[in-house]
Amino acid sequence: MADLFEAAGLTPQAPQPLAERLRPQKLGEVVGQDHLLGEGGPIRRMAEAGRLSSMILWGPPGTGKTTIARLLAKEAGYTFQQLSAVFSGVADLKKAFEQARARRAAGQSTVLFVDEIHRFNRAQQDGFLPFVEEGVVTLVGATTENPSFELNGALLSRCQVFVLKRLDEAALQILLGKAEAFEGRPLPLEPQARDALMAMADGDGRYLLTLAETLFNIASAKPLDTKQLGQVLQKRSPAYDKDREEHYNLISALHKSIRGSDPDAALYWLARMLQGGENPLFIARRLIRAAAEDIGEADPMSLVLANAAKDTYDFLGSPEGEIALAQLVVHLAAAPKSNAVYAAFNQAMKAARETGSLTPPKHILNAPTRMMKDLGYGKGYAYDHDVEGGFSGQDYFPEEMGRRRFYEPRESGNEVRIRERLERWAALRAGRKS
């Protein structure tokens, strides 16, 4: 009687996806990860020595994490056992550890490969620790998420973390060449369309081969141009997860591009986030912060414009309101920069923590009662508006603390004039004390 897999046509003889048929059979055939697998690479050295350490393979989809783990076990002479954190639970882990312990007793080492290991909760991750420490298994975990955020520190301390790179154009070209050699025919694409195909893959080798298989299957009579390629293939959404690391990577890239006065790069990262489905108000909040932190008094209108852009988006919504965010991004990137207020505030906060019990000098304290007047509250206070030049030069710091200087205006934008005023007032203050 046929089982469900046979009934569905998924027999060992059923056709496999092109990406699976082209899966490398040796570590040396893996493309795009020469920093790990090339001559002298750390994973290459482990395979050649036949002694493996537990590791975490961190990288984007389609960069070879599963393939590397499988071939590493094969070339080092370990038994390969695979689990997926998406489908496995505690019972599966216990069974895997028991099987590995039995193999160890028979003199056989085990690589336990756990795909999407970040999906195991903290308690499940802790369950690996004794078996990794005892050497019952050599753990190879694969994740697309930043291990420092998603994995327990105790587990990370027992594993080496290797970062896999998204496949570059050269690696993608190699994969397409292998696909064409396997099929015995070229892809039905004009040169520009071939470049567009690789751009669609966005560094994901498995996805590139899936797209290539679709093109082989349509058996076009003549090469497709870029427009026809777009009609045949549906371009996937950009790699962007609003709840995980990429969310923070891209907003950081946007902020740093503004700080670095590069409006073109800033617009690019803004577009990447909007295309990825990011909440524009999240972006607006960061832009308001950038206006206060990185531009400050060099162009104080930037903060006003940042709030205006947020209100404009609130009023118009998408996509019209996104134009206001783009205008703000260009304004902030092109504006003069100063973090002097931000730096001064941090220093003032530090001073406040250190001297938080000191009282203001008596001459600036109000004296609403006779007793307070007798104690000297308000005595000697000079009302600045009644003083010549509108500047009294009095000291407003606690007497025990002395004057401090936190704010140092930069030679940038509006702060040039602010610096001149502060220097003039400092000279007046010094003159009136002498």
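The values are calculated or read from the model by the stated rules, or taken from the named source; none is laboratory data. Keep in mind that what you see is a predicted model, and the values were worked out from it rather than measured. Positions of Cβ are backbone-derived with ideal geometry, glycine not excepted, and every protein chain shown enters the neighbour counts. Just so you know, the surface numbers come from the protein's heavy atoms only, side chains and all, with ligands and any DNA or RNA stripped out. Shrake-Rupley method; radii C 1.70, N 1.55, O 1.52, S 1.80 Å.
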Extended-chain gain in nm, criterion 0.36 nm per residue less alpha-carbon gap, Ala105 and Asn249: 47.3 nm
Excluding ligands, DNA and RNA, the carbon-plus-sulfur percentage of the accessible area of region 92-192 with a 1.4 Å probe reads 50
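Taking R0 as 30 Å, what's the FRET efficiency between Val86 and Ser53 from their Cβ-Cβ distance, rounded to 0.05?
Calculated transfer efficiency: 0.75.
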Under 19 Å between alpha carbons, and skipping anything fewer than 8 positions from Lys373 in its own chain: which aspartates and glutamates qualify? Glu399
Exposed chymotrypsin sites (Phe, Trp or Tyr not before Pro) absent: longest stretch of the chain, with sites in DSSP loops and at most 13 other Cβ within 10 Å deemed exposed: 88-382
GNM on the chain, C-alpha springs below 10 Å: top fluctuator among Gly184, Gly127, Gly389? Gly389
For the chain, calculated [θ]222 nm from helices alone, where every DSSP H run of n ≥ 4 adds -39500 (n - 2.57): -15000 deg cm²/dmol
Given springs between every Cα pair under 10 Å in a Gaussian network model of the chain, which of Arg51, Arg421, Arg370 has the largest fluctuation? Arg370
Total charge of the residues flanking Arg44 in space, meaning their Cβ is under 12 Å from its Cβ, with Lys and Arg +1 and Asp and Glu -1, is -2
Here are some values of Rg/Rh (Cα atoms, Kirkwood Rh): (i) 1.15; (ii) 0.97; (iii) 1.02. Which one was computed from this structure? (i)
Tell me, how many Å apart are the Cα centres for region 301-324 and for region 66-136? 51
Excluding Ala326 itself, calculate the net charge of residues whose Cβ lies under 15 Å from the Cβ of Ala326, where each Lys or Arg counts +1 and each Asp or Glu counts -1. -2
Can you tell me, using C-alpha contacts under 8 Å and at least 6 residues apart, the relative contact order of the chain as a whole percent? 11
Partner aspartates and glutamates whose C-alpha sits under 13 Å from that of Lys227, ignoring same-chain residues fewer than 8 away, are Glu190, Asp195
Under 14 Å from the Cβ of Asp314, count the other residues' Cβ atoms, weight Lys and Arg +1, Asp and Glu -1, and hand me the total. -1
Residue with peak Gaussian network fluctuation, the chain [Cα springs, cutoff 10 Å], from Ala351, Ala179, Ala326: Ala351
What accessible area per residue, rounded to a whole number of Å², is obtained for region 148-291 using a probe radius of 1.4 Å? 52
